[in-house]
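For reference, the structure discussed in these notes is given below.
Just so it is clear, none of the values below were taken in a lab; they were calculated from the coordinates. Values in this document were obtained by computation on a predicted structure and should not be read as measured data. Counting neighbours? That spans all protein chains shown, and the Cβs are built from the backbone with ideal geometry, glycine included.
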Amino acid sequence: MARLFDLHAIVSAVEEAFREKGLGRVQMPPKQYLFFEGGGDWRIMPAYIPSMRLAGVKTVGVNPQNPKRGLATVIALIELVDPDTGHPLAVMDGTLITAWRTGAAGAIAAKYMARSGSTVMGVIGAGVQGRMQVYFTVETVRTITRVKIFDVRREAAKSLAVFVEKELGIDASIVDEPLAAVKGVDILATCTPARSPIVRGDWIEEGLHINAIGADAPGKEELDPAILQKARIVVDDFVQASHSGEINVPLEEGYISERDIYAELGEVVAGLKPGRVDDREITIFDSTGLAIQDVAAARVVYEAALRTGLGTRMKLVMA
Ligand SMILES: NC(=O)C1=CN([C@@H]2O[C@H](COP(=O)(O)OP(=O)(O)OC[C@H]3O[C@@H](n4cnc5c(N)ncnc54)[C@H](O)[C@@H]3O)[C@@H](O)[C@H]2O)C=CC1
Ligand SMILES: CC(=O)C(=O)O
């Protein structure tokens, strides 16, 4: 999988998928959850994008206790199918695809919603998604020169700082408190499994764009609802975000109402609604993760595998 990685091809495929969603041309029922007694959950995520002749499903487990067992928090598997016949085309790892397509969604949101000329990025939660948010955003928004990193595990922050300096060639600073990752930044990515706000309302400065990535299940939240009350909020999918995104708790508790949600990202990408309209406004992209992102990114990898001969051909025996 890693040998087939192509950041810009993935961003472009995911952007096309968002555009199709904005134009109302995808089939994607909201993701379904099973909640395990041990604290983790498992999700099923199907999608069909007719104009891209693309269909498939991801199954994905999420358990923040996994790193203690030597496993990733997010573990996924993807099947692509031929939309003409329903025949499987490929079965592939979905763990890297999830990280890549989530990085791509954050980068696309930043492209449409962050201030132009943004130079400083902050990240809270320097795990798998935090790293990919930084990587994809830096490579897509070409003006970032510095990244500020906070993680409750200093070794995670250190590992990301080394990646940023060595692989991306820009400055990285590790900070000792979340406030310092928020102050003075243009783009903030929050990427933790938190169930109560980490970022406080009175820390927020004019013009900030936030990619709220970590909240992707009921009860999860990373931002003080006071931030949502004063921000332009764009979600990836209204139904999913209402049940499981950054807006789920503030909606449930009455801090915001459905009227406060400005748009879905696909509508912005499709040009139906403008993204940022004012350099001083605060904008939030609430990402829950969409199946259309998964199948779009998976197809980039599948086609690269066909081109390069990587992967294993399987004959499926069907009666
Ligand atoms: N929106 C989306 O499309 C997706 C969302 N996610 C969600 O993103 C979150 C992170 O996932 P991964 O990066 O894969 O997990 P991870 O376990 O690799 O990284 C999480 C990081 O957050 C840090 N952390 C935990 N609590 C913190 C706090 N209060 N302050 C600062 N750092 C803290 C941990 O030390 C760890 O380094 C999860 O909630 C996951 O469900 C995951 C994939 C896609
Ligand atoms: C983890 C998750 O929910 C997603 O991949 O969208």
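A few notes on this one:
- Top-ranked residue in the range 234-270 [being part of a loop (DSSP other than H, G, I, E, B) and without any contact (Cβ under 8 Å) to a residue 60 or more places away in the chain; ranked as farthest from residue 196 (Cα to Cα)]: 257
- The set of residues from the range 41-61 being within 11 Å of ligand 2 (Cβ to nearest atom) and either assigned to a helix (DSSP H, G or I) or surrounded by fewer than 19 Cβ atoms within 10 Å (Cβ to Cβ) (or both) comprises 41, 42, 44, 59.
- Hey, residue 93 in contact (Cβ under 8 Å) with a residue 24 or more places away in the chain, of a type in the set (Asp, Glu) and closer than 15 Å to residue 216 by Cβ or not: no
- Among (1) polar (S, T, N, Q); (2) surrounded by 23 or more Cβ atoms within 10 Å (Cβ to Cβ); (3) more than 15 Å from ligand 2 (Cβ to nearest atom) - the single one residue 240 does not satisfy: (3)
- Count of residues meeting criterion [touching an Asp or Glu at 6+ places or on another chain (Cβ under 7 Å) and assigned to a helix (DSSP H, G or I)] in the range 78-97: 1
- In the range 121-139, the residues that are surrounded by 20 or more Cβ atoms within 10 Å (Cβ to Cβ) and more than 13 Å from ligand 1 (Cβ to nearest atom): 121, 137, 138
- Pick from the range 183-218, criterion assigned to a loop (DSSP other than H, G, I, E, B) and polar (S, T, N, Q), ranking: farthest from ligand 1 (Cβ to nearest atom): 196
- Scanning the range 279-319 for residues that are surrounded by fewer than 11 Cβ atoms within 10 Å (Cβ to Cβ) and part of a loop (DSSP other than H, G, I, E, B) yields a total of 11.
- Cβ-Cβ under 9 Å pairs, at least 6 apart or on other chains, the range 15-33 side without any contact (Cβ under 8 Å) to a residue 12 or more places away in the chain, far side in a loop (DSSP other than H, G, I, E, B): none
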